[in-house]
Amino acid sequence: MAEQRPTDILQALLDGEDPESKAKMTATQVVAENIAIIVASTDIVAQTLTWTLSYLMLYPEAYRRATDEVRRAFPNHHKAISYAQAKAKLQFTEACVYETMRIRAATGVFLPRVVPKGGATFQGHFLPEGTELGVNVAGANHHQTTWTSPRRFMPERFIDNENLKQNIFSFSLGARVCPGKNLALIEILPTIANLLKNYDFTLPPSALFTPDKLDEHGNPTVMPRSHRFTSVGPTYPDRDCQIICQKRQGTDDTPRKQPSSQRSRHDVDLPPRANELRQRSLFGIRGFRSRY
């Protein structure tokens, strides 16, 4: 009996070939693609979560509105919110995620493309074949012809506006759109929803970036960012990514356990409070430090 070949992404890269030349990827290319996939799938999600909480802290009204929405829709403190549930009931919270992806795209690449054979003319400019082009993702996500007040965090712009979501360039567009886009949203939205449901967030007194510290445009000043391999994160995470995270008042510290036969895969046991314990939060790579 022949050994069954694995059906994972690595095998797909090993088996893939150019439809015209039939050439396969080199070992170096396979390694590079796998590194990009692994880093993008973890780091970009982590950075988007970090930026989302950062903006919610800078815009208290958005934080209160998202928190109220989550807690009204899901009053059960001990039952985790799934993506399907969050997608169906948390319109404003989802809008906060989209606005974060727009205003602070976590991708650090410029989406390169190569002009095809024969060249192409774009807005009166001829581009020879083989020319490598790139897209300014931040520029596209802040262009005033598409976005009103592009420098301001305005989640409400996405309420009942599915078409506007299609204008976000953070995952690229068209046939070459990021294949992990839907997976990222499935991870980010319920994570934010469950955090807002179970915890209260505030900035510490030592915070350098607060709602009342405004920039030249009259918007809250955002912590500086840095470009890494595939993502854009805070420049000084140990200094700037500080947040006070406390278990919600009025909730029971000890979760109610059900018999194993009755427990859903979505049920979670919340950790007991550890006063003043500074540790890496579940945002992972260079995420917020939290004080539980």
Among PRO128, TRP147, ILE186 - extreme Cα towards positive end, dipole of the stretch 81-227, charges at beta-carbon:
PRO128
Sort TRP147, TRP51 so the one with the fewest other Cβ atoms within 10 Å of its own Cβ comes first.
TRP147, TRP51
Give me ASP15, ASP43 sorted ascending by neighbouring Cβ count inside 10 Å, so fewest comes first.
ASP15, ASP43
Three principal axis extents, largest first, for the C-alpha atoms of the stretch 1-90, in Å?
56, 36, 23
Taking H placed 1.01 Å from N in the peptide plane, check which residues at least 5 places from GLY16 or on another chain put their amide H under 5 Å from its amide H.
none
Rg in Å to one decimal, and Dmax rounded to a whole Å, for the stretch 87-161 via C-alpha atoms:
16.8, 50
Dipole magnitude of the stretch 1-80 about its Cα centre (Cβ charges: Lys, Arg +1; Asp, Glu -1), debye to nearest 20
580
Fewest to most Cβ atoms within 10 Å: PHE122, PHE92 sort as PHE122, PHE92
Förster radius 51 Å - calculated FRET efficiency between LEU133 and GLN249 (Cβ-Cβ, nearest 0.05):
0.45
Of LYS165/LYS213; LYS87/LYS117; LYS89/LYS247; LYS79/LYS213, those spanning more than 32 Å from alpha-carbon to alpha-carbon
LYS87/LYS117; LYS79/LYS213
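Only the coordinates and a few stated rules stand behind these numbers; no lab work does. All figures in this text were calculated on a predicted structure; none of them were measured in a lab. With ideal geometry, Cβ positions are generated from the backbone for all residues, glycine too; neighbour counts draw on all protein chains shown.
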